[in-house]
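These notes concern the structure reproduced below.
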Amino acid sequence: MTRLAFGKIALVALLATFAFAQDSIPKMQVFGGYSLEHADLGGLKAEVLNVDLLQHNGPFATTNNFNGWSAEAQYNANHWFGVVADFGGRYGSPIISASNLTLGGLPKGTGYSFLVGPVASFRGKTRITPFIHALFGFDRISLTGSTITGGTSPVPALATTYTDAAVMLGGGADFRVSRHFSIRLAQLDEFYTTHNLDKYYDNVFDTQMFHGLATHEHNLRVSSGVVVRF
């Protein structure tokens, strides 16, 4: 084989390798899956609720964990840098019954978030792609209106919704199953929100009794699901 022929073969192989590497980087990818959020209630505890709402038989308890979903649309500008839009929803209520009582009419809670920001992906020769991101946007929390019964006396709760700024810092890892599909093994995010919880719960219960609750919350969210690559 002449040097010229060898050089042509090497050049073709190099170009093919480069083309394959470029094709393996999706311009767009979409993620969807389950999420679990551990919410920072900002100091809201059963004792606070029972005292501020004048309940003498201790009917209230609180919970921090909320089930939900998360979804992302990501544009990859090059091998490592992209922009991602994150949507999330979570469901449940921070206020529940104490173990010794069953309350009726507990308000149902929801939370929705929308954040956008840069993402850095660390693509290598393996099927696993770690990534980190910093996202900025808004978070919306709501409680339905109801009358809570089963305590010392009925407690009216008003439907309340607040939307405030939010920041999400985190990352995760995707496992590539095929050219167009990956599994998001895990995504862990520190989710910072700026809800004034004193004002929020004063509006929920139509009182000015709540004091000392947080105005900035540090929540944690873990997600897992499927990534479709285009």
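The values are calculated or read from the model by the stated rules, or taken from the named source; none is laboratory data. If you're wondering where the values come from, they're calculated on a predicted model, not measured in any experiment. Reconstructed Cβ throughout: ideal geometry from the backbone, glycine too, with neighbour counts over all protein chains shown.
Leu169 falls short on exactly one of the conditions (1) of a type in the set (A, V, I, L, M, F, W, C); (2) closer than 16 Å to Asp40 by Cα; (3) touching an Asp or Glu at 6+ places or on another chain (Cβ under 6 Å); (4) buried (at least 17 other Cβ atoms within 10 Å of the Cβ), and that condition is (4).
You will find that of Arg90, Arg123, the residue that is in contact with a His (Cβ under 9 Å, 6 or more places away or on another chain) and charged (D, E, K, R) is Arg123 and no other. In the range 172-186, of all residues being part of a strand (DSSP E or B) and in contact with an Asp or Glu (Cβ under 9 Å, 6 or more places away or on another chain), the one that is surrounded by the fewest Cβ atoms within 10 Å (Cβ to Cβ) corresponds to Leu185. Within the range 176-209, the set of residues being in contact with a Ser or Thr (Cβ under 6 Å, 6 or more places away or on another chain) and farther than 30 Å from Leu54 by Cβ comprises Arg176, Arg184, Ala186, Gln187. In the range 150-162, which residue that is in contact with a strand residue (DSSP E or B) (Cβ under 9 Å, 6 or more places away or on another chain) and exposed (fewer than 14 other Cβ atoms within 10 Å of the Cβ) is farthest from Gly58 (Cα to Cα)? Here the residue is Thr161.
Within the range 187-204, the set of residues being among the aromatic types (Phe, Trp, Tyr) and either outside any strand (DSSP E or B) or touching a Gly at 6+ places or on another chain (Cβ under 9 Å) (or both) comprises Phe191, Tyr200, Tyr201. Inspection of the range 67-82 identifies no residue that is in contact with a His (Cβ under 8 Å, 6 or more places away or on another chain) and modelled with pLDDT of 95 or more. Out of the range 61-108, which residues are more than 21 Å from Leu49 (Cα to Cα) and either over 20 Å from the mean Cα position of the chain (by Cα) or not in a strand (DSSP E or B) (or both)? Answer for the range 61-108, where residues must be more than 21 Å from Leu49 (Cα to Cα) and either over 20 Å from the mean Cα position of the chain (by Cα) or not in a strand (DSSP E or B) (or both): Asn76, Ala77, Asn78, His79, Trp80, Phe81.
Listed by first and then second residue, the pairs with beta-carbon distance under 6 Å, at least 6 apart or on different chains, first residue in the range 28-57 and farther than 30 Å from Phe181 by Cα, second in a loop (DSSP other than H, G, I, E, B) and of a type in the set (Val, Ile, Thr), are Gln55/Thr152; His56/Thr152; Asn57/Thr152. Within the set Gly111, Gly124, the sole residue that is part of a strand (DSSP E or B) and not polar (S, T, N, Q) turns out to be Gly111. Any residue in the range 183-192 that is over 30 Å from Lys27 (Cα atoms) and touching a strand residue (DSSP E or B) at 6+ places or on another chain (Cβ under 7 Å)? No; the residues of the range 183-192 include none that is over 30 Å from Lys27 (Cα atoms) and touching a strand residue (DSSP E or B) at 6+ places or on another chain (Cβ under 7 Å). Within the range 197-230, the set of residues being without any contact (Cβ under 8 Å) to a residue 60 or more places away in the chain and crowded, with 16+ Cβ neighbours inside 10 Å comprises Asp198, Tyr200, Asp202, Asn203. Restricting attention to the range 208-220, and to residues there that are under 19 Å from Ser142 (Cβ atoms) and polar (S, T, N, Q), which single residue is farthest from the chain's Cα centre (by Cα)? Out of the qualifying residues, it is Thr215.
Candidates in the range 31-56 are the residues that are within 17 Å of Gly92 (Cα to Cα) and among the acidic types (Asp, Glu); of these, the one that is surrounded by the most Cβ atoms within 10 Å (Cβ to Cβ) is Glu37.
For the range 113-130, the count of residues that are crowded, with 19+ Cβ neighbours inside 10 Å, over 30 Å from Ile25 (Cα atoms) and modelled with pLDDT of 95 or more is zero.
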